[in-house]
Every structure is written in C-alpha cells, then in structure tokens.
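The values are calculated or read from the model by the stated rules, or taken from the named source; none is laboratory data. The structure displayed is predicted, hence computed values, not measured ones. Cβ: placed from backbone, ideal geometry, glycine included. Neighbour counts: every protein chain shown. In case anyone asks, the SASA skips ligands and DNA or RNA and just uses the protein heavy atoms, side chains included. Shrake-Rupley method; radii C 1.70, N 1.55, O 1.52, S 1.80 Å.
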Amino acid sequence: CTNSEAENFNEIANSDDGSCEFICLDHDLSIYTDLWGYETSWVLIKNQDTISSIPIGSYANQTIYNYSFCLTEGCYSFVISDTYGDGIEGYDNTSNDDGNYFILDGDNNIVIEMLELNFGYQESQLFCVEIIEGCTDNNANNFNPNANFSVYWVKHLKGHLT
C-alpha cells in the first residue's frame, strides 16, 4: 500500500498492490422523492472525487431510497439537484407530497438534513467525518466517551490480516 493515509501504508513500497485499508464510519442516506422523482439527482463528493451518485431519471415518484456508505475521515459535499428548479417540493402544502432527505451517522445522529423544500435547481451541504480512535466499550476502565472507532478492533484485525 503506497497511500500514506491508509492504515497499512508501507513507506518502502514502490508500487501499489491495491491492498490499502482505511478506517471508515458507517453513514446512511435516505431520500424520499416528491411527485416528480425523475427530476431528482444527487452526488456525494470528497476532495473533488465522486464517492457515489444517482443520475437524473433514476427515481420513481414518492418513493423512499436508502443508501449506506462507510466514509473515511475528511470533509464531504452532498449535492442534490432538481431539473425543474423547484427542489423536491410537492404539488401543494395540503397533500403531503413533498420530498425529503437526510444523512445519519452510525449512531443515528443527523449529519445533514434538507434545508429548504424549494431549493431551486440545487442544494449543497458540507459535512465532515472525524474518526476518534479509542475504547468504545462503556464497561471498560479505558472507555473513551468521545471515541467512535474501537482501537481494540483495529489492533485485533491487524494481527489477522493476510
């Protein structure tokens, strides 16, 4: 592994063999489409690289879509788009046909949520993932209430990697 951000970075390696391993945290994206789901698309970006995306024309109307990602440390941009320019606002305020979206972390905390129903052609939100290694077992003497990734498991897995 020649990527210096990887857990198994090898400083003497001169070519990458594809074995790089990264610590990541689970995140879930939920999107509920409005009456015009086919107008909606989105992209998740980190450092100008597309992590995941859904193109225009992929969604049905008034349907819930769920996606799971394991995100590495760093900042991300979530961009949702609407080709008509009315966001994911439904037909009117009385028929409960509006869309919605949000991203949750592995503890079901809201990371981002829709800011505006009628966001126009595009809404973009920035969020960052911070990995804090430590003991996550609240029964242990070395429990770290701020930790979101268990150091024990990292050390345990490294001993069993092939």
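Under a 5 Å amide H cut-off, with hydrogens placed 1.01 Å from N, TYR76 pairs with PHE127, CYS128, VAL129 among residues at least 5 apart or on other chains.
Applying a 4.7 Å Cβ-Cβ cutoff to the chain, the cysteines left without a disulfide-compatible partner are CYS135. Taking every C-alpha pair closer than 8 Å and separated by at least 6 residues, the mean separation divided by the residue count of the range 65-134 gives a relative contact order of 44 percent. Among ASP26, ASP49, ASP97, the largest mean-square fluctuation in a Gaussian network model of the chain, built with springs joining Cα atoms closer than 10 Å, belongs to ASP49.
Rounded to a whole number, what % of the accessible area of the range 30-158 do carbon and sulfur atoms account for, probe 1.4 Å?
48
Once the chain from CYS128 to CYS75 is taken as fully extended at 0.36 nm per residue, the excess over their C-alpha distance is 18.7 nm. Structural descriptor for the range 29-89: relative contact order 44 percent, calculated from alpha carbon pairs under 8 angstrom and at least 6 residues apart. As a length-normalised measure over Cα pairs under 8 Å and 6 or more apart, the relative contact order of the chain settles at 20 percent.
Considering only protein heavy atoms, what per residue accessible area in square angstrom results for the chain with a 1.4 angstrom probe? Spell out each step's value before the answer.
Working: 10040 Å² over 162 residues.
Accessible area per residue: 62 Å².
Within the range 81-132, the GluC sites (Glu not before Pro) that combine a DSSP coil assignment with at most 11 other C-beta atoms in a 10 angstrom radius are GLU116, GLU130.
Determine the shape class of the range 65-139: with a ≥ b ≥ c the square roots of the Cα gyration tensor eigenvalues, call it rounded for a/c under 1.5, and otherwise prolate if a/b is greater than b/c, oblate otherwise. Don't jump to the answer; show the numbers that get you there.
Values: a/c = 3.60, a/b = 2.12, b/c = 1.70.
It comes out prolate by the Cα gyration axes.
Springs join every pair of Cα atoms under 10 Å in this Gaussian network model of the chain, and among ASN14, ASN148, ASN66 the largest mean-square fluctuation is at ASN14. The equivalent ellipsoid of the chain has semi-axes of 37, 20, 12 Å, largest first, where each one is the square root of 5 times an eigenvalue of the Cα gyration tensor. Selection among TYR84, ASN118, LEU71 by position relative to the dipole of the chain gives LEU71 as farthest towards the positive end (Cβ unit charges, Cα centre). For the range 24-74, rounded, prolate or oblate, judged on the Cα gyration tensor with a ≥ b ≥ c (square roots of eigenvalues), a/c < 1.5 rounded, else prolate if a/b > b/c? Oblate.
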